[in-house]
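Here is the structure we will look at, set down as structure tokens.
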Amino acid sequence: MKHTDKPKMDKINCEDEQIQFLGTIQNVGFLIISNKDGQIEAVSDNISEYISTISYSSILNKNVAQVIFPLTNDEKVLHNLFNEISASQEYKRSTQLITLNGKTYYLSISNEKEKVYLEFEYCISTDFSKTNIINNKLINLQNEEQDVWKILTEIISKNLEVDRVMVYQFNEDSSGVVIAETLMSAKLDSYLGLNYPEFDIPKQARELYKTKHCRFIVDTDESGSKIISESNENINLQEVSIRRLSPIHLQYLKNAGFRSSISFSIIIRGELWGLLCCQHESPKHIDLAIRNFALMTCNFAANKHQQLEDREEMSYLNEVQTLELQLKEKLLLKSNIFLELKTFSTELMKKLNADGIAISYDDSIYQEGLFPNKEILRSQFNRLNQLANNHVFTTHELFKVPEINETFEKDIAGLAFIEIDHLKNFYICWFRKEIIIDREWAGKPEKHYQENNKTGQLFPSPRTSFEVWKEQVNGSSKKWSLKHLHFLARIRELIRDSLLNKAAEIEMLNSQLIEMNNALDTYAYTISHDLKNPLSAIKISAEFLQYKKEISPNLLQKMSSNILESVQITLNMLDKIHQFSKANAFYMEKETIEPESFINEIIDNSKYRYGSNNVEIEVQNLLPVQGEKTLLYQLFLNLIGNAIKYSSKSESAKVIIGSVETDNGVIYTISDNGIGIDEKELETIYQMFKRMSNSTGFEGSGIGMSIVKRIADKLDIDISISSKINQGTTVKLMFPFQ
């Protein structure tokens with residue numbers, strides 16, 4: 001017999017089911033769908049059960065305001081409400097208690113795209129005494145410091161009178177666990193602590209819970225009523241409260257032994273945190289008013305839970321802030337951040353509830369508590385840094401990162417990693433040990449599929465067994481919480497800021513060191529440069545006295561005065577140059593100075609020094625200025641000396657020195673008709689040892705103008721130079737008024 005393989009069948013997953021397009025509602029009312037003008041486009045086929053004079057086929061394409069509103073107790077109110085909601089561009093829903101043909105209904109009008117939904121749900125009772133009980137319980141819930149979710153299940157159980165009420169919390173992997181429960185029936189087994197796989201509440205159902213916060217089924221065995229339209233289109237019933245639920249979910253409830261169910265979303269921080277699930281063994285319709293108050297109670301409990309979480313987190317953050325302040329103080333004051341972090345390692349470990357820590361810096365690794373081999377850890381830094389993406393990486397399931405897990409010791413199951421500075425191999429790792437967990441499931445967590453005999457497709461089949469199934473979970477540690485992630489980010493930022501501050505401090509010290517070295521260089525070159533003039537004067541006077549045999553008393557007096565004055569100038573210059581070279585320590589008090597008192601002396605000494613007796617010097621009006629005498633002497637010494645020196649080889653050499661007063665201060669001008677300076681070289685004229693390209697044949701070291709600029713900056717003098725090759729140079733000094 002020849003064997004043939006059975007053709008592969010397509011598989012339909014639970015998450016593929018379009019639960020909002022199932023096209024049926026529960027028989028607790030009827031549904032009308034119109035366009036925004038009120039023209040009826042679809043209606044549930046059970047409308048005649050509530051309005052005997054109307055059939056679904058008779059009202060299609062009719063106006064809802066003409067065929068339905070006149071049958072109610074307040075036609076005008078409903079007409080205005082319909083117009084308001086149909087005109088809204090955003091989703092809007094409003095519920096009105098009405099009387100229709102002598103019966104009381106909740107009429108909920110809502111909009112979705114171009115459609116308006118009119119949902120009629122019959123009212124069980126107008127006695128809302130239970131809502132007062134709920135309100136009183138809410139006050140108790142606010143004052144309670146015990147388990148919020150246990151109190152919630154007790155409140156809902158008493159008011160909804162259902163067999164089981166439980167709080168179901170979602171895990172990170174979308175599976176769930178029952179964390180609180182209240183049972184009304186003694187024969188029911190407890191689900192408390194049991195886990196449910198993520199496919200029990202598929203993705204599209206969880207998404208729907210984010211926007212529609214209440215879902216209920218009155219009777220799982222009821223077939224429901226179909227939505228009829230002429231176009232036979234699939235109509236989105238997502239916002240319809242009385243829509244019938246997925247057949248798969250209904251069978252699931254039946255398999256679990258329940259005929260009715262109601263669930264409320266628990267939204268915390270804008271996310272679906274869990275569900276409040278209520279189950280009953282027999283059919284049960286919970287009135288809309290009671291459902292709304294139950295949802296309000298659920299929201300109240302969620303807010304209370306968030307408040308308690310915030311309080312706990314605030315306490316943790318206060319502790320973290322204290323640690324941060326201590327750490328910041330140490331890191332900023334001490335030069336070696338790595339050594340200081342070592343002293344805080346135990347505290348850093350405790351704040352993250354970690355079992356071990358490793359701090360790496362350059363070639364050193366400090367470890368404490370539970371940790372892997374140093375060399376193995378060092379070999380994984382590049383991979384960890386990739387996972388962290390230059391920030392933070394955490395996992396409580398290290399086995400899911402096999403390339404790292406295989407190298408670490410087996411008892412390490414959780415890891416947190418922050419990168420501080422990868423260039424310095426600066427990282428911090430926290431480690432958590434493996435925790436072996438015995439997890440109990442409400443039935444074995446495995447998907448079941450059945451084959452459709454007609455199509456051959458495989459479709460989801462609800463599991464039939466909810467008998468407790470146990471498994472042992474290995475390879476995991478405690479999870480890193482949001483507050484721990486916040487702590488990791490804060491510590492990383494703090495240490496990086498400290499490193500930046502240290503770098504800025506070192507840069508500043510280096511800058512100061514460079515400045516001091518430059519100052520020392522300037523000091524040395526200034527001494528050799530600017531002392532030549534007074535020393536030349538001393539030399540001339542001494543030689544004169546040495547070789548002149550007969551000297552008149554007046555001439556002797558003049559020569560000795562020249563020597564003493566030059567010595568005093570030398571001493572003053574040495575003192576001021578020394579102070580000036582120490583830029584941060586130099587103190588100078590400005591006073592009124594008469595430059596005329598030393599400019600003529602500078603002229604005479606410069607002409608002698610450079611052998612420039614041929615240079616004509618024109619001294620014009622010399623006004624007093626604000627400054628310091630010795631520094632101003634050096635300033636004019638360099639500028640006048642340069643003017644005389646570089647014009648000495650010119651025909652009809654001439655230097656003009658003068659000053660004028662302006663509204664802003666006094667301007668001194670020193671001009672010559674010497675060799676001039678190339679315009680391009682004016683930009684670098686103040687650089688140390690910078691000599692002009694046409695200065696060959698003239699003595700000099702190239703530091704005179706750097707000294708001029710340094711003095712001008714210190715005295716707040718604005719200096720400008722204009723020059724042309726072979727035509728001369730003009731220097732202007734602007735002395736501001738005080």
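The values are calculated or read from the model by the stated rules, or taken from the named source; none is laboratory data. Since we're looking at a predicted model, the values are computed, not measured. We place every Cβ from the backbone using ideal geometry, glycine too, and count neighbours over all the protein chains shown. Surface areas here come from the heavy atoms of the whole protein model, side chains and all, with no ligands, DNA or RNA. Shrake-Rupley method; radii C 1.70, N 1.55, O 1.52, S 1.80 Å.
Taken along the Cα-to-beta-carbon direction at a fixed 7 Å, the label points for D663 and T322 span 6.5 nm. Residues W273, W469, ordered by accessible area of protein heavy atoms at a 1.4 angstrom probe radius and largest first, appear as W469, W273. Multiplying the residue separation of K629 and L71 by 0.36 nm and subtracting their alpha-carbon distance yields 190.0 nm.
With both labels modelled 7 Å from their Cα along Cα-to-Cβ, the S231 to I437 distance reads 4.8 nm.
Among the listed pairs K113/K158; K115/K210; K433/K483, give every one whose C-alpha distance is greater than 31 Å. All intermediate terms of the calculation are to be shown ahead of the outcome.
Working: K113/K158 39 Å; K115/K210 22 Å; K433/K483 19 Å.
Flagged as over cut-off: K113/K158.
Computed extension length for L535-F737: 69.3 nm, one decimal, from 0.36 nm per residue of separation with the Cα-Cα distance subtracted. Extension gain for T407 to K654 (0.36 nm times residue separation, less C-alpha to C-alpha distance): 80.3 nm. Of the residues E543, E550, ranked by 1.4 Å probe accessible area with the largest first, the sequence reads E550, E543. For K732, what accessible area in Å² do you get when you roll a 1.4 Å probe over the heavy atoms of the protein chains, rounding to the nearest 10? Rounded to the nearest 10, that gives 100 Å². For K724, the aspartates and glutamates whose Cα comes closer than 15 Å to its Cα, not counting residues fewer than 8 places off in the same chain, are D672, D678, E679, E681, E683. When nucleic acids and ligands are ignored and a 1.4 Å probe is applied, C214 ends up with an accessible area of around 30 Å². Taking a sphere under 11 Å around the Cβ of S465 and counting the other residues whose Cβ falls inside, with K and R at +1 and D and E at -1, yields a net charge of 0. With the simple model of a label 7 Å out from the Cα in the direction of the Cβ, N35 to A489 spans 4.9 nm. Take K645: with every protein chain present and a 1.4 Å probe, its accessible area is about 20 Å².
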